[in-house]
Amino acid sequence: MTDTVYKICGREEWLEAQSAGAYLGNADDIRDGFIHLSAADQVEGTLARHFAGRTGLVLVAVDAAALGPALRWEPSRGGELFPHLYGPLPMSAVRSAGPIGPQP
């Protein structure tokens, strides 16, 4: 579908993931059984819908191919296909990470 997918998360949870060597997901990810990701054209909508008003957010760019078969494109919001990661997000798959959204 695309060669880069994205994860939006809080700065503190991202720092913990870096220390651990993998991102295991936030409460929503754990509840749903997969890590919610977005394609580039979905990031803005995800930010507005799920992170409105939050500060201290990080946008993580991930090499989709490095995730292998654990990455699945499945229908979600409005039937649109979204990338879902069934397993941890290894730091080796991360291309970049930086601040996104309103910052303090």
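Some notes on this structure:
- Test set (1) surrounded by fewer than 16 Cβ atoms within 10 Å (Cβ to Cβ); (2) under 15 Å from Glu13 (Cα atoms); (3) among the aromatic types (Phe, Trp, Tyr) - Tyr86 fails condition number: (2)
- Filtered residues of region 43-71 (kept if aliphatic (A, V, I, L, M) and surrounded by fewer than 13 Cβ atoms within 10 Å (Cβ to Cβ)): Ala48, Ala52, Ala65
- Subset of region 73-104 (residues that are in contact (Cβ under 8 Å) with a residue 24 or more places away in the chain and of a type in the set (D, E, K, R)): Arg77, Glu80, Arg95
- Listing of strands (runs of 3 or more DSSP E) fully contained in region 21-104 that carry 1 or more residues being within 13 Å of Val5 (Cβ to Cβ) and among the acidic types (Asp, Glu): 57-63, 71-75
- Scan of region 21-42 for residues that are closer than 17 Å to Arg11 by Cα and either surrounded by 10 or more Cβ atoms within 10 Å (Cβ to Cβ) or touching a residue at least 12 places away in the same chain (Cβ under 8 Å) (or both), ordered by number: Gly21, Ala22, Tyr23, Leu24, Gly25, Asn26, Asp28, Asp29, Ile35, His36, Leu37
- Applying the condition of being within 11 Å of the chain's Cα centre (by Cα) and closer than 25 Å to Ala65 by Cβ to region 5-20 and asking which residue is surrounded by the most Cβ atoms within 10 Å (Cβ to Cβ) yields Val5.
- Condition met for Gly10 (in contact (Cβ under 8 Å) with a residue 12 or more places away in the chain and at positive phi): no
- Boolean, Ala65 is within 13 Å of the chain's Cα centre (by Cα) and either among the small types (Gly, Ala, Ser) or closer than 19 Å to Val94 by Cα (or both): no
Quick note: the coordinates plus some simple rules give every number you see, no bench work behind them. On a predicted model such as this, the values are computed, not experimentally measured, just so you know. For neighbour counting, all protein chains shown are included, and Cβ atoms are generated from backbone atoms with ideal geometry for every residue, glycine included.
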